[in-house]
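Before any comments, here is the structure.
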Amino acid sequence: MKKNAIASLITFCMIFCVAPFDANAQVVDYKTDSYWQQRADYTMSIDVDVDNFRYNGIQNIKYTNNSPEVLDRVFYHLFYNAFQPGSEMDIRLQNIADPDGRMVNNLGTRKNPQFESRIAKLTPDEIGYIKVKTLKQNGKSLTYEVEGTVMIVTLDTPIKPGETVNFDMVFEGQVPVHIRRAGRNNKEGVALSMAQWYPKLAEFDDEGWHANAYIAREFHGVWGNYDVKLTIDKDYVVGGTGTLQNPNEIGHGYTKSPVVSKGDKLTWHFKAASVHDFTWAADPDYIHDMLDMPNGPTLHFFYKNSLSDKTKESWKKLQPKTAELMTYFSEHVGQYPYEQYSVIQAGDGGMEYAMCTLITGERSMGSLVGVTAHEMAHTWFQFLLATNESKHEWMDEGFTEYISKLAQDEVMDNNSENPFERVYARYVYLAKSGVEQPLTTHADRYNINGAYSISAYNKGCVFLAQLGYIIGDDNLKKTIKKYFTDFSFKHPKPMDVIRTAERVSGLELDWYLMDFAQTTNTIDYAVANVEGKMVSLERIGLMPMPIDITVTYADDSSEDFYIPLRQMRGEKPSSATLLEDWPWAYPTYSFETSKAIKSIEIDPKGQMADIDRSNNSSEITKDGTD
């Protein structure tokens, strides 16, 4: 049965699961009486050889230990080392039932696939790598050991609480053939998609070090400022994280003034304040458009001149829609705090980064808006509300899916009655598949990629949408805004969302986080019996919920009822007739109406993730039976 469930889920996912204002003015509290987080300020100079796709780098990190602990070692991520035969990423591709289609060759058929890892076939001049040549702490050389994509560094002198040290590094890298997210010469011909390209300090927090190997997904980084100089062939146009400091020396659409080249290369100087990553892309064929938003950031768009005229026209039409999306997110979550945001044709689908996104560009207008809506929304849910994606991927992807669905619905004038209908359907499919794992599963530990996708994107989205059903939609809107106010530029965790919702609503909600995110318990309520004016309901699933009910009477009038869940210790705002609490331990519940009943329905708006809606309603015949 499990094999059939896996095959069914893989097929399902193949069809349905695709996915005043100044940066320098932002002040981040890295340490308060009740909260602390580390800080890493990067200064880097990079020289790129576009002919052999290699680069040399000099890096300084001012690292501040805001923790109460003494650190005797640190860890670096060397992400590009994943793109080598025999890496953990390569081996995982060879041992999972449904590997990412971008990362494998299918030597079989769709019905009988035979997957071959693309990483396993890379030659020495096609692999990716980051090689550390020297590393010093406050001027003294350090010893270190590289284990795949992680470098373990033994410190010369332990870092005391409150102390700031300097790490100085010389390194070199090779950009891999584009396989996943980053690399050279992607399928649309973009020369350089430079994500996860530099030695990056791992995060240390109240849970300890997060030095995860780069196997598939996701990321977690240390807040800080970035000062980056990229020296590259003068014909290349660069876009990405940060604000360009020397536009008059660069040109390429950043300024209308002519630029006199001083040689074969140009040095691009970017600064980014209060971010936890730095990404860029470059190509000699980029068109660069800019759109200044009133009272907002400058939007940049980079897309290849080789696109068809129709597609380039879609990229032009995308630009005002992107401004509308930026306005929507700023109004409904919190104000975008940086000076610029860039939408860049690069990568292998859509992936969010600090102040930018990389998306594939050969898309229809609707697809361009859809992918931009999702990736831009990640600016709030993961880059400003910087959850640990590896541990809480559903907060990253799911919350993004929630707000981007609403934004896209408004911006594209879709006026959907229920923008989340398909999202709920996908979650229910997974819940009934037999292969679901709880949302506490590490992002790399899902048995099936398809189960990860539905869990992270769809169940995570349902978590937030259904929270609105529990506490009321207005309270959910207030919760999202307060969550942003309280936890932006920090590393929030699942309980932070729940406690925020509790403070806003006055309800007790820990049960919701526990049942929906930490187990695979399901919701299933049923109309058991209707006789005259008496209604009997049944809880079939293990997960409790408050219940909305609409009763239509024999005279065609209707009445809404609300049954609170006792353990919530209160009720959501509602104009419905309030009934007695339903304690979870009781499997049945009965109440009496004022008139004879014609029909009854549990959760008529479909906001509850009930896995079997066939038993949610009952219609009474003329003879009084249901």
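The values are calculated or read from the model by the stated rules, or taken from the named source; none is laboratory data. This one's a predicted model, so the numbers in the text were calculated from it and none came from an experiment. Reconstructed Cβ throughout: ideal geometry from the backbone, glycine too, with neighbour counts over all protein chains shown. Note: accessible area is taken over every heavy atom of the protein model, side chains too, but ligands, DNA and RNA are not part of it. Shrake-Rupley method; radii C 1.70, N 1.55, O 1.52, S 1.80 Å.
Would you mind calculating the gained length between Asn246 and Glu421 on full extension (0.36 nm times residue separation, minus the Cα-Cα distance), in nm to one decimal? Kindly include the intermediate steps, with their values, before the conclusion.
On the way: separation 175, 0.36 × 175 = 63.00 nm, distance 4.78 nm.
Full extension of this stretch gives 58.2 nm more.
Shape class of the stretch 338-418 from the Cα gyration tensor (axes a ≥ b ≥ c, square roots of the eigenvalues): oblate, since a/c reaches 1.5 or more and a/b does not exceed b/c. Determine, from the Cβ-Cβ distance of Asn56 and Thr440 and an R0 of 45 Å, the FRET efficiency 1/(1 + (r/R0)^6), rounded to the nearest 0.05. Once rounded, the FRET efficiency stands at 0.60. Each distinct pair of alpha carbons in the stretch 454-512 adds a 1/r term; the inverse of their mean, the Kirkwood radius, is 11.7 Å. One decimal place: the segment Glu410-Ser575 gains 56.7 nm when fully extended, by the rule 0.36 nm per residue minus the C-alpha distance.
R0 = 51 Å: FRET efficiency of Met534 with Lys31, Cβ-based, nearest 0.05?
Values: r = 60 Å, r/R0 = 1.18.
FRET efficiency, Met534 to Lys31: 0.25.
For the stretch 455-468, 3J(HN,Hα) computed residue by residue from phi via the Karplus equation (6.51, -1.76, 1.60; θ = phi - 60°) reads 4, 5, 7, 8, 5, x, 5, 4, 3, 6, 4, 6, 4, x Hz, glycine and proline entered as x.
With viscosity set to 0.692 mPa s and temperature to 37 °C, compute the Stokes-Einstein D of the stretch 31-153, Rh being the Kirkwood radius across alpha carbon pairs; µm²/s, no decimals.
Details: Rh = 17.8 Å.
Translational D for this selection: 184 µm²/s.
Under 5 Å from the amide H of Leu385 lie the amide H atoms of Phe489, each residue being 5 or more positions distant or on a separate chain, with H modelled from the backbone and absent for Pro and chain starts. Eigen-decomposition of the gyration tensor built on the alpha-carbon atoms of the stretch 136-179 gives equivalent ellipsoid semi-axes of 27, 12, 11 angstrom, largest listed first.
Each listed q (0.11, 0.12 Å⁻¹) maps to a log10 I(q)/I(0) for the stretch 197-305 from the Debye sum over equal C-alpha point scatterers, namely -0.46, -0.53. Which FRET efficiency, nearest 0.05, do Asn447 and Asp156 yield, Cβ-Cβ r, R0 41 Å? Working from the Cβ atoms, E equals 0.45. Note on Asp285 and Asn305: the model spin-label points, each 7 Å out from Cα along the C-beta direction, lie 1.1 nm apart.
Oblate is the label for the stretch 407-495. Its Cα gyration tensor axes, ordered a ≥ b ≥ c, give a/c of at least 1.5 and b/c at or above a/b. In this simple spin-label approximation, Glu145 and Lys432 carry label points 7 Å from Cα along the Cα→Cβ vector, and these lie 5.1 nm apart. Karplus-based coupling profile of the stretch 539-545, in residue order and whole Hz: 9, 9, x, 6, 7, x, 8, with θ = phi - 60° in 6.51 cos²θ - 1.76 cosθ + 1.60 and x standing for Gly or Pro.
Classified by the C-alpha gyration tensor, the chain has a prolate form. Its axis ratio a/c, with a ≥ b ≥ c, is 1.5 or above, and a/b is larger than b/c. Taking every protein chain into account, the accessible area of the chain amounts to 41 square angstrom per residue (probe 1.4 Å).
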